[in-house]
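The values are calculated or read from the model by the stated rules, or taken from the named source; none is laboratory data. Everything numeric in this text was worked out from a predicted model, so none of it was measured. Virtual Cβ from ideal backbone geometry, glycine too; neighbours counted across all protein chains shown.
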């Protein structure tokens, strides 16, 4: 049990009571380790969660304002530098930047001289999209600034492309590689990747589905594009400007500055000032992380209460002896509080470096996903201070009551404590019910009753493990809901391949080419334009897609929320999705003013359909839209249905289609298949699921540590019972059976309790995420996840009980009876 | 080990209590009743006990298991409280003290020796002896080890001072427990079956220690069921069913010296 000689005689001997604390720590190494681990988990979680969050915020706060995000972005027809200066001179405008952004197809390597692709591989099969962004003022831009990595040649020269850093999220060319960009009209340009630059305002590759790169205006010209801008980013002159004010200025720029000079504005975006387009997701992640931090803290507190209660009850006789020789309750209390403080210090020593390391990893991981840029090297001071505080104060707070009540025990009670803990068993309802259970093998019956022997500890352990179970099972349901959402979206869009063109193309010509492509069974062309919706206050809801499609289309399956779908012959009657309806308070029957291609149009809302994760959209009968816009035959998007609807089939059809359209001289901007789009959506939602899984894993770890701790303590406290069992002939196997069964019973109970709470919690979590990311999510309860967790928790519980059960089986009768 | 002379028969006084000396008694119990609430039927462990013990007495509490002798000694040490009645020890009404004052008082006034020694397993022998000094802030901090070593010398355990209790035999542990009981130089020692867990030779040695202490002026109250040892105390109180049924004094015992 203990060493026989203490080799620690010191010149100046410490007070015996403090020596006792030190020796208790060393004598019960498993208990010390367990308690330190319990607290360290809390310190770790706080640092990873709040520290990681803080580091993400720090990198965002450093990089986002530095980039000077625009207060409004106008997507225009070609416009030159003189117009840019006119915009800059306008009232309310502070600074302006011009960009030309075009999505091209590219291939790795220099393929200019290669007339035909390698045998068996079409060009289209290896083509990918890249958005090239050009500007005259890369180095001097005052708005939406881009920061090249050190050593990168900047601004890019002709023949060079600097990739936006989020390209690293995807399998993309690396520095030194060359790519061949296909201008769509037969022109091919070879560009060398010279490095990376960070544009925090760019949509990361993971979300947009394509990489982006920065080139010179001259390079854009070489690709057959006009050396003019098609995107104007405006920063207003007042830092405290509201969104409505910025919106009014943008409208004035469109109507009074650009339109009179012949520049058409296809779309406008006016974000909430100072907000980032990934802010919603980041906010959702931040909320989740905060919830995780609080829960980890709570669980850590429960574990400390459990362990310290057990420690005090184990030492109750020693407390009695100390009191008998003159110790006051307060003196003993300070001793045990000091013990807990030492646990805290050790836990901080363990949790602080590991937590800081993983916080940095987490910030790098999250920063990489969200493209926030470089994270600081370590967690912020407040997170470190809080973690230290949590490591030192929470254990003391959690341990105070158990220590207080434990040290207030009267001497006679303390000295009469026998070490047999069954005295309180048999009076409660549960005890009586358990007593009535017949026919179980004796060790199992004993394990069942042992489980309910120490009800306070059982309650704490169950609370810890149940919370972990609820989170794990809820996360599984959230994951299922995300997948269901992706499926629902896929079932909305009933086509396999979607082709976008760089310029409007003739509808019947592309339809004809598409139908001649092997594997294409049906085709439809849509007219897609940007629009804004006038609000009553004079502002506009920008960034609405107007989709002109046949009323009788079979390429979408609209899920109506209210009203009706489009009907042939509809003119001026439109259907909006819930994104538009919710944002602008639209009801069926309302007549609203939309601005499309600079012209205001009064449209009546006849139906509202469920949003499809594509943002705000208005559906209009195609023929009507064509005539209204006077763009007969000029379409921007084509959708086709493929004979083979597998991922491979869709990709193959898309490749063939792209090849055929290129051969026919159409400038294809992008070819996307449904499965790839669903995968892209999954990866977007996957970020949240990833964070949720990290959360679940940490909490599950806390739960497991809690269960192991409880089992170890139970075994320690049952030492005498074990001795008695051994004395009456219990084998190793029987002792194992008792304690492993006890662990599994606790695990299963936690699963059962957790299962009761999983539905409301998971539903709440889905609705919370829905609000945070402003995307409607379908809810689906994960029965599979629930039973998977039952299997996992059973295995974990059995595993967590193995070490304690082993220790129990090693107890000799003599030691057990002599145990105090 | 010293054996004290005078093993003659006791002068027995059946249930005659020294009430006349109560005013100057070191230990004074009056009408002490202790009732335990054991569930449906309350159990009366002590039934209106009156007892006065003079300084320097070596009192044996003798009785069968369950007779109430441990409860009685617990009343004297303040380890347990009476349901009714009063306990005054060394002029202090023990029954009126709160837990904290009681602990302090006990640490300075009564040394307690247990049947199962109850040394703290993680403290060395000398640290166990220093513990009461530490709690009651007796002696300067630097001097405590010296005092503890002196006490260990007295009980012939100085050479084991830096061992942990687990390395000692039962008799050795009990000697250390006695040294611990003497740590704050209390006038009274209360021992609950101090030899109950020892073999006869070791028990004899421990009892010899008690006799020496009485010689030096300590007052000892000891619970025992060993008739041989009971015959060697200066006063034997026989307890049965919660009552003192016999108070036997041994006039041949050497009275305690106060110069200890």
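Hey, among A:517, A:525, A:553, which residue is under 36 Å from the mean Cα position of the chain (by Cα) and either free of Cβ contacts under 8 Å to residues at least 60 places away in the same chain or part of a loop (DSSP other than H, G, I, E, B) (or both)?
Working: A:517 fails: under 36 Å from the mean Cα position of the chain (by Cα); A:525 fails: either free of Cβ contacts under 8 Å to residues at least 60 places away in the same chain or part of a loop (DSSP other than H, G, I, E, B) (or both).
None of the other options fit; the residue is A:553.
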Cβ-Cβ under 7 Å pairs, at least 6 apart or on other chains, segment B:202-221 side within 18 Å of residue B:25 (Cα to Cα), far side in a helix (DSSP H, G or I): B:220/B:210; B:220/B:213; B:220/B:214; B:221/B:73; B:221/B:76
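Against the definition (closer than 30 Å to residue A:792 by Cα and at pLDDT 65 or above), how does residue A:444 come out, yes or no? Spell out how you get there, then give the answer.
Values: closer than 30 Å to residue A:792 by Cα: yes; at pLDDT 65 or above: yes.
Yes, satisfied.
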Matching residues in segment A:315-373 - criterion: being touching a strand residue (DSSP E or B) at 6+ places or on another chain (Cβ under 8 Å), assigned to a helix (DSSP H, G or I) and away from chain B (no Cβ under 14 Å): none
Any hit, segment B:165-172, residues being surrounded by 23 or more Cβ atoms within 10 Å (Cβ to Cβ), free of Cβ contacts under 8 Å to residues at least 24 places away in the same chain, out of contact with any strand residue (DSSP E or B) (no Cβ under 7 Å at 6 or more places or on another chain) and outside any loop (DSSP other than H, G, I, E, B): no
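Report yes if some residue within segment A:303-312 is within 14 Å of another protein chain (Cβ to nearest Cβ), under 44 Å from the mean Cα position of the chain (by Cα) and assigned to a helix (DSSP H, G or I); otherwise report no. Walk me through it before giving the result.
Our first condition is that a residue be within 14 Å of another protein chain (Cβ to nearest Cβ); within segment A:303-312, this holds for A:311.
Right, trim to under 44 Å from the mean Cα position of the chain (by Cα) and you get A:311.
Remaining after also requiring assigned to a helix (DSSP H, G or I): A:311.
The answer is yes, given that some residue of segment A:303-312 is within 14 Å of another protein chain (Cβ to nearest Cβ), under 44 Å from the mean Cα position of the chain (by Cα) and assigned to a helix (DSSP H, G or I).
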Those helices (runs of 4 or more DSSP H) lying entirely in segment A:186-294 with at least 3 residues in contact with a helix residue (DSSP H, G or I) (Cβ under 6 Å, 6 or more places away or on another chain): A:205-208
One residue from A:635, A:705 being more than 30 Å from residue A:364 (Cβ to Cβ) and buried (at least 20 other Cβ atoms within 10 Å of the Cβ): A:635
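Might you let me know whether segment A:145-162 holds any residue that is assigned to a helix (DSSP H, G or I), at negative phi and crowded, with 19+ Cβ neighbours inside 10 Å? Step through it out loud before you land on a result.
Pass one, segment A:145-162, residues assigned to a helix (DSSP H, G or I): none.
The answer is no, given that none of the residues of segment A:145-162 is assigned to a helix (DSSP H, G or I), at negative phi and crowded, with 19+ Cβ neighbours inside 10 Å.
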Members of segment B:87-130 found to be under 23 Å from residue A:405 (Cβ atoms), within 8 Å of another protein chain (Cβ to nearest Cβ) and either touching a residue at least 60 places away in the same chain (Cβ under 8 Å) or in a helix (DSSP H, G or I) (or both), listed by number: B:99, B:100, B:103, B:104, B:106, B:107
Among residues of segment B:131-164, those that are within 19 Å of residue B:112 (Cβ to Cβ), without any contact (Cβ under 8 Å) to a residue 40 or more places away in the chain, part of a loop (DSSP other than H, G, I, E, B) and within 11 Å of chain A (Cβ to nearest Cβ), counted: 1
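Okay, residues lined up against (1) more than 14 Å from chain B (Cβ to nearest Cβ); (2) in contact with a helix residue (DSSP H, G or I) (Cβ under 8 Å, 6 or more places away or on another chain); (3) over 25 Å from residue A:388 (Cβ atoms):
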site	(1), (2), (3)
A:32	no, yes, no
A:36	yes, yes, no
A:41	yes, yes, no
A:46	yes, yes, no
A:56	yes, yes, no
A:63	yes, no, yes
A:70	yes, no, yes
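Being more than 14 Å from every other protein chain (Cβ to nearest Cβ) and closer than 30 Å to residue A:202 by Cα, is that true of even one residue in segment A:292-302?
Yes, because at least one residue in segment A:292-302 is more than 14 Å from every other protein chain (Cβ to nearest Cβ) and closer than 30 Å to residue A:202 by Cα.
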Evaluation of residue B:99 against (1) surrounded by fewer than 19 Cβ atoms within 10 Å (Cβ to Cβ); (2) at pLDDT 85 or above (one fails), failing number: (2)
Members of segment B:178-217 found to be at pLDDT 85 or above, surrounded by fewer than 22 Cβ atoms within 10 Å (Cβ to Cβ), out of contact with any strand residue (DSSP E or B) (no Cβ under 7 Å at 6 or more places or on another chain) and assigned to a loop (DSSP other than H, G, I, E, B), listed by number: B:185, B:216, B:217
Qualifying residue in segment A:390-412 (condition: buried (at least 16 other Cβ atoms within 10 Å of the Cβ) and either in contact with a strand residue (DSSP E or B) (Cβ under 8 Å, 6 or more places away or on another chain) or modelled with pLDDT under 65 (or both)): no
